[in-house]
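Chemist: Please find one structure pasted underneath; my questions will follow.
Any read-out appearing in this document is the output of simple, stated calculations on the displayed coordinates, not a laboratory observation. Note that this is a predicted model, so its numbers are computed, not measured. Backbone-built Cβ (ideal geometry, glycine too); neighbour counts: all protein chains shown.
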Amino acid sequence: MARLLFSIFVLLFCVPCVFSGWKDVFLPKPIQGLTGQCQNDTNTWMKSLQMFALVSAECVMMKKCSLKELKILEDNLYAVQELDAFGQFPGAGLLEVKTLYDGSYQECQRISGKKYETNYCYMLLKPGKNVSCSSNSSSSSPFSMLPLRAAACLPNSCSHQEMVSIYNQMSPYPFTACGAYCVKREVEKDSAIFLIVMVAIAILATLVDYIRDTAFGIPSIKEKNLLMKILLTFSLWTNAELLLAVKEQKPGFIKSLDCIRLFSMCWVVTGHSFIFFIFGDTLRPISDFTKKFWNHLILNAFVSVDTFFVLSGIVVAYLFFKTKPTKKMITNPVTWVLFYVHRYLRLTPPIMLFIGVFIVYGPYIQGEFAASALNELIPQVETCKQYWWQNLLYINNFAPVINGQSQACYAISWYLSVDTQLYLVSPIVLIALYFSFAAGTATIAAGCVGSIITTYILFYDYDLSADGLGNGDSIDFNPIAYVKPWVRCPPYLVGLLTGYLLATYGNRRIRLNWALAVTGWIVAFVIAGACLFSTYDYDKGSKWSKFSRGTYYNFDRLGWGFFICWVVGANHMGWGGPINNFMSHPIWQPFGRLSYCAYIVHWMVLYYYLNVGGTLHYSSAWGVFLYVAIPATLLSYVLAFFWSCLFEVPILKLEKMLIESIIGGAGRTSQKVEESTALSPKSVGISEQKSIGKVSPILEKKREEALAWDIEDGQKEEVDEKF
């Protein structure tokens, strides 16, 4: 009873501080334009508000309160609590350009079911009362483009349009609601039978493998029955051991790649984490973000993508030339057919299966953040339902932009498409380097020069922004330049050259004077610093010409590519000292193996993690990194572990079994078939494979002569090249 009286006191004497008077709050006008159950629930709510107002006036104001009246107040208190759960204007932080007027999600949830189910929603607002919500309507207000949102607690039986109508008729604020985005959403049921079947197969395979291994001492590697062998490829018991194995690698491995992948993956997740803070409660801290020098470590996180392009080029060329290909192999068309087929089979299943999971389960990610972010995942899911086939063909980076919205499925997968397109043309460089270092270098130089000229032309024609933040066209920046292979190719080409040099001269261990090595590292870090911080003045508001912007975008990525090549090359050649000791430690190996799947899943994981909490409030970059980016990265690797065990590793094993049965005799598979996924992503050609397990001489000869798939044999090169 004391709690009830306290609630009445607060509601009657504190709420009017915001509204014009308590009668305006508790005696609202009838709501028009509703139908069905929504009308009934809303009428119930309005009547309860009126009853509470009438009884409380006599009970509290006139100090005549009987037990019956207190009972009436208690029965109708839910209606006032529902109103109290609304976001209130102006609220604190108005001068911080407040864009989110939050309410009380807990209060709205607490009263749900007392008379009817309630739903906590965010109304998308436009300044002005009864203004047009049309996107084509002109408005002189500078606030008309802001994502203004206000919370509301309304009957769940109402449609979104009815909720908008209720809010506009009840609200005393100078805004017009144009849309409703709710925590609770009806999700169209979709089939998830495939994932269920795969999990069931994995469980069965794991149990069989575990019992055979522990009870009878029969490892899966010695299985001869083909059907049993296929089943055991899905064993979590074996696959987990392969993925998590940590061992000292033999000479010839590029040991620092795993560390680079992990830290770059964390950088990618951090950059994506900050994107979501556009939907935070205030814009002023976000707009001031570019004015702080060290924040450019986040603003220029784009170069983390160029890191992966460099690594991809290094791995492709290194593995190709490490096998010491013959002229017969180079000129055999089958070599290059399998070169492409092998990569497609290894890359495609994990990403396409996860897109299926994204379509089926993405809509179930609901919460305060999702609603406050205008349920932005739903349009992405709908796009994937229609355009998933573009990802299957790796052309989603060419998806059209309609009404400002990209039609690309699963936005972060643009990288896989660009990298695949660069992989398609990589044999031109590989063949040129095989026949002549000068010809290969000239080909790479020509590709870089062509890309630079193309970028300048695009920046002049479209007046593009240098980084999507400063002056210039930021809207066309992504579809015109950011996701196109002819713009992104220089780091990849530089990586191809580096991979060739490491494969050719890496074993010579050229000794470099320590002073020269230190100088090399200093120059490399200076170049990296220039790449990261050269836009400081530009992002603060300094105007750059088209030429300056084009020059930055060209040579920023190229300079970063040289920096990464130095780090990889210097560590591999033994010029890294303590840096190499840290980056080449075996502890990074599991993270390197899981990086591809971690990248695939991280976007959905990050969205889920943000919904575990409430709406976003930006306090500091360090806070976002510690409390959002790091946990989301760890969760991404956890999910990546299971995704790799379920799909990536089994598919690698099945592909290897298929190819070896075709070219080396049915059923003849070497021990490395099973051990390959446990290898470091740097594992390389036939010389290393011999030390891993017995290889048929006939099979080895055929591989050396005709098979491009052996260029990446014994390792998951797409995992390595990607993330």
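Chemist: Calculate the FRET efficiency for residue 94 and residue 278 from the Cβ-Cβ distance with a Förster distance of 25 Å, rounded to the nearest 0.05.
Modeler: 0.85
Chemist: Does anyone have the angle between helix 67-84 and the longest principal axis of the chain? Alpha-carbon axes, 0 to 90°, nearest 10?
Modeler: Roughly 40 degrees, rounded to the nearest 10.
Chemist: Now a separate question. Taking the 0 to 90 degree range and rounding to the nearest ten, how far is the long axis of helix 649-664 tilted relative to the main principal axis of the chain, both from C-alpha atoms?
Modeler: For 649-664 against the chain, the angle is about 30 degrees.
Chemist: Using the Cα centre of the chain as the reference point, and only Cβ charges (+1 on K/R, -1 on D/E), how large is the resulting charge dipole? Debye, rounded to the nearest 20.
Modeler: 1100
Chemist: Of the cross-linked pairs 29/115; 126/484; 71/115; 98/540; 247/322, which ones have a Cα-Cα span greater than 27 Å in the structure shown?
Modeler: Over 27 Å apart, Cα to Cα: 126/484.
Chemist: Between residue 471 and residue 438, what FRET efficiency comes out of the Förster formula 1/(1 + (r/R0)^6) with R0 = 35 Å and r the beta carbon distance, rounded to 0.05?
Modeler: Efficiency, rounded to the nearest 0.05: 0.25.
Chemist: Which of rounded, prolate or oblate describes region 257-391 when judged by the alpha-carbon gyration tensor and an a/c cut-off of 1.5?
Modeler: oblate
Chemist: Which peptide among 645-651, 321-327 comes first, and what is the full order, when sorted by highest mean count of other Cβ atoms within 10 Å?
Modeler: Those peptides, ordered most packed to least, come out 645-651, 321-327.
Chemist: Continuing with this model, one more query. Quick check: from the Cα gyration tensor, does region 551-657 come out rounded (a/c under 1.5), prolate or oblate?
Modeler: oblate
Chemist: Okay, moving on. Relative to the present Cα-Cα distance, how much length would full extension add between residue 326 and residue 533 at 0.36 nm per residue of separation?
Modeler: 70.0 nm
Chemist: Ranked from highest to lowest mean number of other Cβ atoms within 10 Å per residue, what is the order of the peptides 512-520, 357-365, 488-496, 630-638?
Modeler: Per-residue Cβ counts within 10 Å, averaged per peptide and sorted highest first, yield 488-496, 630-638, 357-365, 512-520.
Chemist: Based only on other Cβ atoms within 10 Å, what is the fewest-to-most ordering of 351, 31?
Modeler: Taking fewest neighbouring Cβ atoms as first place, the list is 31, 351.
Chemist: Moving on. Relative to the present Cα-Cα distance, how much length would full extension add between residue 403 and residue 241 at 0.36 nm per residue of separation?
Modeler: Gain in length upon complete extension: 53.5 nm.
Chemist: Here's something else I'd like to know. At q = 0.12, 0.18 Å⁻¹, what log₁₀ I(q)/I(0) does a Debye calculation on the Cα points of region 212-300 give, no solvent, two decimals?
Modeler: -0.69, -0.92
Chemist: Simple spin-label model, 7 Å along Cα-to-Cβ: residue 579 to residue 187 in nm?
Modeler: 4.6
Chemist: Rounded to a whole number of µm²/s, how large is the Stokes-Einstein D of the chain at 10 °C and 1.306 mPa s, given Rh as the Kirkwood radius over C-alpha pairs?
Modeler: Translational D for this selection: 55 µm²/s.
Chemist: Quickly rank 149-156, 427-434, 340-347 as a protection proxy: mean count of other C-beta atoms within 10 Å, highest first.
Modeler: Per-residue Cβ counts within 10 Å, averaged per peptide and sorted highest first, yield 149-156, 427-434, 340-347.
Chemist: Also, I was wondering about something else. Based on the alpha-carbon gyration tensor of region 140-290 and its eigenvalue square roots a ≥ b ≥ c, which shape applies: rounded if a/c is under 1.5, prolate if not and a/b is larger than b/c, or oblate?
Modeler: oblate
Chemist: According to a simple spin-label model (label point 7 Å from Cα along Cα-to-Cβ), what is the distance in nm between residue 336 and residue 542?
Modeler: Reported label-point gap for residue 542 and residue 336 is 4.6 nm.
Chemist: Give me the extension gain from residue 428 to residue 622: residue separation times 0.36 nm, minus the current Cα-Cα distance, reported in nm with one decimal.
Modeler: 65.4 nm
Chemist: How tilted is helix 589-612 with respect to the longest principal axis of the chain? Cα atoms for both, answer in degrees (0 to 90, nearest 10).
Modeler: Roughly 10 degrees, rounded to the nearest 10.
Chemist: Where in region 573-599 does the label zone of residue 248 land, with the point 7 angstrom along Cα→C-beta and an amide N cut-off under 20 Å?
Modeler: 573-590
Chemist: Also, quick follow-up: If the convex hull of the alpha-carbon atoms of region 69-224 is projected onto planes in all directions, what is the mean projected area in square nanometres?
Modeler: 18.7
Chemist: Taking R0 as 60 Å, what FRET efficiency do you get between residue 32 and residue 221 from their Cβ-Cβ distance, rounded to the nearest 0.05?
Modeler: So the FRET efficiency works out to roughly 0.20.
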